[in-house]
1. Return only the number of the condition from (1) open to solvent by 40 Å² or more (accessible area, probe 1.4 Å); (2) farther than 30 Å from L162 by Cβ; (3) modelled with pLDDT of 90 or more that D97 does not satisfy.
2. Of these, S2, S54, which one is small (G, A, S), at pLDDT below 85 and within 20 Å of the chain's Cα centre (by Cα)?
3. Taking the condition surrounded by 13 or more Cβ atoms within 10 Å (Cβ to Cβ), touching a helix residue (DSSP H, G or I) at 6+ places or on another chain (Cβ under 8 Å) and at pLDDT below 95, does G122 pass?
4. Output the qualifying pairs, or none if there are none: Cβ atoms under 6 angstrom, residues six or more apart or on different chains, first residue in segment 90-116 and closer than 30 Å to T16 by Cα, second residue modelled with pLDDT of 95 or more and assigned to a strand (DSSP E or B).
5. Does segment 57-69 hold any residues that are open to solvent by less than 40 Å² (accessible area, probe 1.4 Å) and within 22 Å of the chain's Cα centre (by Cα), and which are they?
6. Among V179, V171, V188, which is the only one that is at pLDDT below 90, open to solvent by less than 80 Å² (accessible area, probe 1.4 Å) and either closer than 24 Å to E113 by Cα or not aromatic (F, W, Y) (or both)?
7. Does T149 count as within 14 Å of A130 (Cα to Cα) and either open to solvent by 50 Å² or more (accessible area, probe 1.4 Å) or modelled with pLDDT of 95 or more (or both)?
8. Would you check which residues across segment 6-41 are over 16 Å from H82 (Cα atoms), of a type in the set (V, I, T) and in contact with an Asp or Glu (Cβ under 9 Å, 6 or more places away or on another chain) and list them?
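The values are calculated or read from the model by the stated rules, or taken from the named source; none is laboratory data. What you see is a predicted model; the values in this text were computed from it and never measured. Here the Cβ is made from the backbone with ideal geometry for all residues, glycine too, and neighbour counts use every protein chain on show. The area values use the complete protein model at the heavy-atom level, side chains included, leaving out ligands, DNA and RNA. Shrake-Rupley method; radii C 1.70, N 1.55, O 1.52, S 1.80 Å.
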Amino acid sequence: MSEVTLTASTGRETGTRPSRRLRHEGRVPAVVYGGGDAARSISVDRRELRRVLSTDAGVNALITLQVEGESFLTVVKELQRHPVRRDVTHVDFLTVDPDAAIEVEVPIHLVGEAKEVTQNGGITEQRLMALRVLVKPDAIPDGIEADITDLTLTTSITAADLTLPEGVELVTDPDQAVVTAELTRAAVTGREEEGEAEGAA
């Protein structure tokens, strides 16, 4: 997993008005905490934040946060976004120990083609978009693949069915459905009409 660097500034005022002023200046209010240290109120450049979150790792990027001459190895613990514009309005950074596992959410990517499902008038539905796992910070995978090639209308893929990289431990309920298949409405209607026609024959 690649590591990125982000410079932060301290000394920001807390509260709604100072935070609004920071955002107007192109900065994002934030806090950094963890490791037994008191939380620090900081701010980061919005464009730089977007850059570090635009890698393949996304919000799970391992970020070296540089704060007034100090460096902290961190991950994003929480992002708050504007409800309409969806731009980031606040971010929590959690300091991490590179040798200690942390719990994170990793996106699930569907691969393959469920031919049997489509040939029988069905569609696949991804019910779970991310997997909660326990893993060391430098081993966080960019994503977990769910192969739907063998999916049928009578089967499903659960969290336990997914292959995890070495060193990654599943936290999500193993029985949680990740991908299921079902008939389309048109297919259901067609089968009902076929059944009625056969009954009338």
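1. Of (1) open to solvent by 40 Å² or more (accessible area, probe 1.4 Å); (2) farther than 30 Å from L162 by Cβ; (3) modelled with pLDDT of 90 or more, only one is false for D97: (2).
2. Exactly one of S2, S54 is small (G, A, S), at pLDDT below 85 and within 20 Å of the chain's Cα centre (by Cα), namely S2.
3. Spelling it out, G122 is indeed surrounded by 13 or more Cβ atoms within 10 Å (Cβ to Cβ), touching a helix residue (DSSP H, G or I) at 6+ places or on another chain (Cβ under 8 Å) and at pLDDT below 95.
4. Listed by first residue and then by second, the contacts come to E105/A130; E105/R132.
5. A57, G58, N60, A61, L62, I63, T64, L65
6. V188
7. no
8. Residues satisfying the conditions are T7, T10, V31, V32.
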